[in-house]
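*Asks:* Mind looking over this structure? Questions follow.
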Amino acid sequence: MDLFEYQGKQYFARWEISVSPGGVADTVEEAVTQADRAGYPVVVKAQVQVGGRGKAGGIKLANNADEARHHAGNILGMDIKGHRVNRVWVEHASDIKHEYYASFTLDRAARLHLGMVSAKGGVEIEQVAEEDPSAIARLHIDPVQGLTEADARTLVEDAGLHEEARGGAVETLMKLYRCFVEGDADLVEINPLILTPEGQVHALDAKVSLDNNAMFRHPEWAEYAATEVLDERETLARSKGLQYIGLAGSVGIIANGAGLAMSTLDVVNQAGGQPANFLDVGGGASAEVMTNALEVINSDPNVRAIFINIFGGITRGEEVANGIVEALTRVQINSPIVIRIDGTNAEQGRAILKEHESDRLMSRPTMLDAARTVVELAARGARSA
Ligand code: GDP
Ligand code: MN
């Protein structure tokens, strides 16, 4: 789960990382109130989960209430790279002497934490990595041992941060690493991390991505979940209580059980196709659940064919088949469907499907057969209505 900048800064503040005082606002008048409170000059910052807001006109300096009102009026409602600005963060403006970059993330391939620091902050790190990779100091950290102060100092020195910033930067890195670990984040990034003319090291931006697997021990994350940005398909799926993750392919997938859903993605890949989603309907495959699942898949304009993969356990094959047939009378489906039913009473289930078989609805005995058929149908790309 990705946080907005203002939430990331509030998170940072829990580990005493230096951030500017400020507040959020959803309206122009609230923005002016927050600006008055933060003290002028202030920066008015668009809250969208995309980088490069400054260049897009989403970050403006205001010296008084009139300017704050003017900028908030322009920024609220603005579209930045397809993200609508519904909220601004207004904070007391900082003086900048130098801009740096600092982050901690998980290097899954290396099974280690990865710290990165650069003296080239304020620009997208991907750009620095491309143009001048040697400007980024990297250090792998054993998660069991954690980051030592000597490690942090090595990073800061390798990155070539200015002498006067080094003490503050080491201190910030130690706090940021604790925030990363204790805060159960997958990514914490400060860009820019600044040195002020007074010699303070301070976070001007915050990017935090939380590890959803740790949700159970963070009841306070509920407020972040409430503002989480989901795509349209995910919003619809969530409203129907389905375990759904949107992907970019053309084969819609419905399966019961997370393990089977994962295997279904694999077998579609193996057959040369690209899954459009992960969707686990759970234990039951009633008409109600199937209808909901098909509605979500059907709303995805990239879907060209649908693969329903059900293994009957407590839910018997004929119940599943009846549920699917019933669901198809309720939803007008745009793409052909391939079904594989196995497990308890699979034979009875297949017999029911056979009565409804057509070139829009077919049943296959094995996962691989079904995957090959559905991938071929998706490649043909027929989509009615
Ligand atoms: P991003 O472009 O979306 O990553 O937004 P940032 O929060 O990183 O801000 C972009 C740039 O705006 C920074 O690199 C700074 O140069 C500038 N900026 C942001 N806040 C301040 C501030 O308080 N004072 C000054 N002088 N510049 C700021
Ligand atoms: Mn930034």
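The values are calculated or read from the model by the stated rules, or taken from the named source; none is laboratory data. Owing to the predicted nature of the structure, the values given are computational and were not obtained by experimental measurement. No Cβ is skipped: glycine too gets one built from the backbone with ideal geometry, and neighbour counts run over all protein chains shown. With ligands, DNA and RNA removed, areas are computed over all heavy atoms of the protein, side chains included. Shrake-Rupley method; radii C 1.70, N 1.55, O 1.52, S 1.80 Å.
*Asks:* Over segment 173-281, with a single point scatterer placed on each C-alpha, what log10 of the ratio I(q)/I(0) does the Debye formula yield at q = 0.10, 0.13, 0.15 1/Å?
*Replies:* -0.47, -0.71, -0.84
*Asks:* Carbon and sulfur: what percent of segment 178-255's accessible surface (1.4 Å probe)?
*Replies:* Whole-percent figure for carbon plus sulfur exposure: 50.
*Asks:* For the chain, what are the DSSP H helices with axial Cα length of 27 Å or more and mean Kyte-Doolittle hydropathy of at least 0.5?
*Replies:* Both cut-offs are met by no helix.
*Asks:* Along its three principal axes, how long is segment 192-245 when you only count alpha carbons? Whole Å, largest extent first please.
*Replies:* 54, 26, 16
*Asks:* Run down the lysines and flag those whose C-alpha is under 30 Å from the C-alpha of Lys81, throwing out any fewer than 8 positions away in its chain.
*Replies:* Here the lysines satisfying the reach criterion relative to Lys81 are Lys9, Lys45, Lys55, Lys60, Lys97, Lys120, Lys207, Lys240.
*Asks:* Counting Lys and Arg as +1 and Asp and Glu as -1, each charge on the Cβ, what is the dipole of the chain about the Cα centre in debye, to the nearest 20?
*Replies:* Values: 36 positive and 55 negative charges, 200 e Å.
Magnitude of the dipole: close to 960 debye.
*Asks:* I would also like to ask the following. Skip the ligands, DNA and RNA, and give the accessible area per residue of segment 145-271 with a 1.4 Å probe, whole Å².
*Replies:* 47 Å²
*Asks:* Okay, next question. Carbon and sulfur: what percent of segment 4-89's accessible surface (1.4 Å probe)?
*Replies:* Details: 1940 of 3940 Å².
In segment 4-89, the share of accessible area belonging to carbon and sulfur is 49 percent.
*Asks:* Here is a further query. Kirkwood hydrodynamic radius, the chain, all distinct C-alpha pairs: what's the number in Å? Don't jump to the answer; show the numbers that get you there.
*Replies:* Working: mean 1/r = 0.0421 Å⁻¹.
Kirkwood hydrodynamic radius for the chain: 23.7 Å.
*Asks:* Could you estimate the translational diffusion coefficient of segment 21-92 from the Stokes-Einstein equation, with Rh from the Kirkwood formula over C-alpha pairs, at 10 °C and 1.306 mPa s, in whole µm²/s?
*Replies:* Approximately 139 µm²/s, per Stokes-Einstein.
*Asks:* While we're on this one: So what's segment 232-380 giving for Rg/Rh, alpha carbon basis, Kirkwood Rh from the mean inverse pair distance?
*Replies:* Rg/Rh for segment 232-380 comes to 0.92.
*Asks:* Could you pull the Cα extents of segment 98-220 along its three principal axes, largest to smallest, in whole Å?
*Replies:* 42, 30, 27
*Asks:* Using a probe radius of 1.4 Å on heavy atoms only, what accessible surface per residue do you get for segment 21-92? Whole Å² is fine.
*Replies:* I get 47 Å² per residue for segment 21-92.
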